[in-house]
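The values are calculated or read from the model by the stated rules, or taken from the named source; none is laboratory data. Source: prediction; values computed, not measured. Neighbour counts are summed over all protein chains in view; Cβ atoms, including those assigned to glycine, are modelled from backbone coordinates with ideal geometry.
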C-alpha cells in the first residue's frame, strides 16, 4: 500500500530555514498557555468582534508573547474604532492582568528585562471530580472495505478488501465526559487533583516552566510531571525541549493529527510562536510552523519489541486576513522491530511503499471568516493515511461553524462541529498499537470508525462569568460493522459555569450526563454515566 508522500514536509522545513533569515530579529521568549486557559476564548471572542485579524488558530498552544501581541492588536482597534462593544474592554483588561509581563515588554520593547525572573506560582489548579460510570473501550475489530474514492465518490484508488482479516483497533476513552485532559484519567467515585506551575526567565531570551500534577483517585496517589520544558528564542524561531501540550488543527472538540487527549509527549520542538512573513513568499501572507520530534510507547508484538519515533509537521498560512490554510502531518517511523536502514528511512521520508518503516496521517485544513455575517467562521480538515498521486485517501473529516456574535453585544455564541473518523484511522499494520500514547489516542478523542456531532452554546455575563451548554451525539458501527456487532450510540450533555471568586481566583462547575446504547458494540448492553466537576483556578 502506498504511504502518504512526505512532500508536505518540504514547505514547513523551508519555512524554518526562511525564518532564520527574517530581518526582524526581535524575540520575546515566554511560557506557553495551557490549552484550557480562558485566554483562548477571550482571543476568539475579540476576533469575533472584528478586533483581531492576524490570529492563526491551527497551531497551539500559544506562547504568552503571542497572546499579548493579539491582545494589544485588539486594544489598538478598540481605540481606533470607538464603537466596539463594552464587553471587549472587559476581556482586554482581564487579558492584561493574566499577561502582565508579556504585555509590558511588548509595549515597551526598549525596556530591559530582569536578568533572572522567577514566579513560583504562575498558575494553580485545584480540581474535584466525581464520576459515576466507566469509560468505553476502543478495543474492537472493524471491516475495511478498501476500493476508496475521493470524498466517497468514485473507486479504485485502493484495492478492494486490502486486508484478509478484520482490522483490530485499540485504546480507551479515558474518562467519560472529560476528553482532552492531558491523558489524566479519573476513576469511579471521588477524585482530587492539583496542578501547580512555576515559571522562570533569563532576560527575554529563555523561558522555563514546571507543572507537576498530584492526582488522588480512591486509595491511589500519583505524582507526575504534567508539563515541563525549556524554551530558547521566540517570534519566528524558537527551540523547546521537554514535555508540553500540543494541538495541531482548527477543531474545538478535537483535531485529527495531534491534541492533548493523551498524556503530553516528551519532545524537541522547533516553531514560530508568532507569525512571520518572508518577502519572496509574501503571497502566502503571515505564516506559522511547528516541527515536533518525539517517541511513543514501548510495546511487544509476538515477542518483538516496537517503539516508533513520532514526528509532526504543521504549516499555517494567512494569505488574507479572513483566510487561514494549514498543512498537517503526523508520522510514526522506525525503532526496534522495523527496518532501520537508511534506505527504509528515506523511503518513508520521500514517499514510501509497503516495505518502508512508517505510518502517517496527513492532510490540509482551512478556516474562513465572513465579516458580513458577524464574523462567522467556517472551518474544516481533510486527513488521509494513504495517498493517490497527491490526494490523501483513506479519509477522515472534521468540519465546523462558529458564530461568535450570535447577538450584536457579543455575549452569545454558537458552535457546531462534525467529525468522521475513517475505519482505520489511528491503526497501523507496522505498529499494531497505532497512534496511541499510554493507551489513548493523541488525535481526536473519539478514535476511528466513528461519527461525532457536537453543539455548543455559550453566554457571557462578563469576562469571568460565563455559562455554556453542550450536546453531542456519537455513533460507532454505522460503517465497518462486523457480524455480531451492534451500532453503539451515545447521547450526552454538559453544562459549564465559570464565576470569579476572589482576586485572581475563578471557579468552574461542570455537570455532564450521557446515555449509551449497545456499549462497546455489544447489543442490548446499555449504560448511563454522570460526571460532576468543581475546580478553583488561580491565574490559570
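Descriptive notes on the structure:
- Within the range 405-414, the only residue that satisfies the criterion of being buried (at least 20 other Cβ atoms within 10 Å of the Cβ) and either farther than 17 Å from residue 379 by Cβ or under 20 Å from the mean Cα position of the chain (by Cα) (or both) is 410.
- You will find that of 190, 264, 246, the residue that is more than 30 Å from residue 395 (Cβ to Cβ), touching a strand residue (DSSP E or B) at 6+ places or on another chain (Cβ under 6 Å) and at pLDDT 95 or above is 190 and no other.
- The range 122-140, residues that are farther than 26 Å from residue 540 by Cα and surrounded by fewer than 16 Cβ atoms within 10 Å (Cβ to Cβ): 132, 134, 137, 139
- Taking the range 273-297 as the range and being touching a strand residue (DSSP E or B) at 6+ places or on another chain (Cβ under 9 Å) and exposed (fewer than 13 other Cβ atoms within 10 Å of the Cβ) as the test, only 283 passes.
- Out of 119, 191, 181, one residue alone is part of a strand (DSSP E or B), crowded, with 18+ Cβ neighbours inside 10 Å and either touching a helix residue (DSSP H, G or I) at 6+ places or on another chain (Cβ under 9 Å) or in contact (Cβ under 8 Å) with a residue 60 or more places away in the chain (or both). It is 191.
- Matching residues in the range 472-503 - criterion: being in contact with a helix residue (DSSP H, G or I) (Cβ under 7 Å, 6 or more places away or on another chain) and either assigned to a strand (DSSP E or B) or loosely packed, with under 15 Cβ neighbours inside 10 Å (or both): 476, 488
- Only one of the numbered conditions (1) touching a residue at least 24 places away in the same chain (Cβ under 8 Å); (2) over 21 Å from the mean Cα position of the chain (by Cα) is not met by residue 221, and that is (1).
- Scanning the range 402-416 for residues that are in contact with a strand residue (DSSP E or B) (Cβ under 6 Å, 6 or more places away or on another chain) and in a loop (DSSP other than H, G, I, E, B), we see that the one that is nearest to residue 467 (Cα to Cα) is 411.
- Boolean, residue 419 is modelled with pLDDT of 95 or more, part of a strand (DSSP E or B) and under 26 Å from residue 265 (Cα atoms): yes
- Looking only at the range 448-471, and only at residues there that are within 30 Å of residue 45 (Cα to Cα), surrounded by 21 or more Cβ atoms within 10 Å (Cβ to Cβ) and modelled with pLDDT of 95 or more, the one that is farthest from the chain's Cα centre (by Cα): 460
- When residue 300 is tested against (1) without any contact (Cβ under 8 Å) to a residue 24 or more places away in the chain; (2) crowded, with 24+ Cβ neighbours inside 10 Å, just one condition goes unmet, and that condition is (2).
- Scanning the range 45-64 for residues that are under 17 Å from residue 275 (Cα atoms), touching a helix residue (DSSP H, G or I) at 6+ places or on another chain (Cβ under 7 Å) and in a helix (DSSP H, G or I) gives a single hit, 64.
- So residue 461, is it in a strand (DSSP E or B) and in contact (Cβ under 8 Å) with a residue 12 or more places away in the chain: yes
- Residue match in the range 378-390 (condition: outside any strand (DSSP E or B) and surrounded by 18 or more Cβ atoms within 10 Å (Cβ to Cβ)): no
- The range 211-220 - residue that is surrounded by fewer than 18 Cβ atoms within 10 Å (Cβ to Cβ) and modelled with pLDDT of 95 or more and, of those, nearest to residue 65 (Cα to Cα): 212
- For the range 504-526, the set of residues classified as over 30 Å from residue 196 (Cβ atoms) and out of contact with any helix residue (DSSP H, G or I) (no Cβ under 9 Å at 6 or more places or on another chain) consists of 513, 514, 515, 516, 517, 518, 519, 520, 521, 522, 523, 524, listed by residue number.
- Here the condition is being in contact (Cβ under 8 Å) with a residue 60 or more places away in the chain, crowded, with 24+ Cβ neighbours inside 10 Å, in a strand (DSSP E or B) and in contact with a helix residue (DSSP H, G or I) (Cβ under 8 Å, 6 or more places away or on another chain); of 315, 270, it holds for 315 alone.
- If you go through the range 144-178 and keep only what is surrounded by fewer than 19 Cβ atoms within 10 Å (Cβ to Cβ), in contact (Cβ under 8 Å) with a residue 40 or more places away in the chain and part of a strand (DSSP E or B), you end up with 150, 168, 172.
- Hey, residue 201 outside any strand (DSSP E or B), at pLDDT 95 or above and touching a strand residue (DSSP E or B) at 6+ places or on another chain (Cβ under 7 Å) or not: no
- Flag for residue 260 being out of contact with any helix residue (DSSP H, G or I) (no Cβ under 9 Å at 6 or more places or on another chain), part of a strand (DSSP E or B) and under 25 Å from residue 493 (Cβ atoms): no
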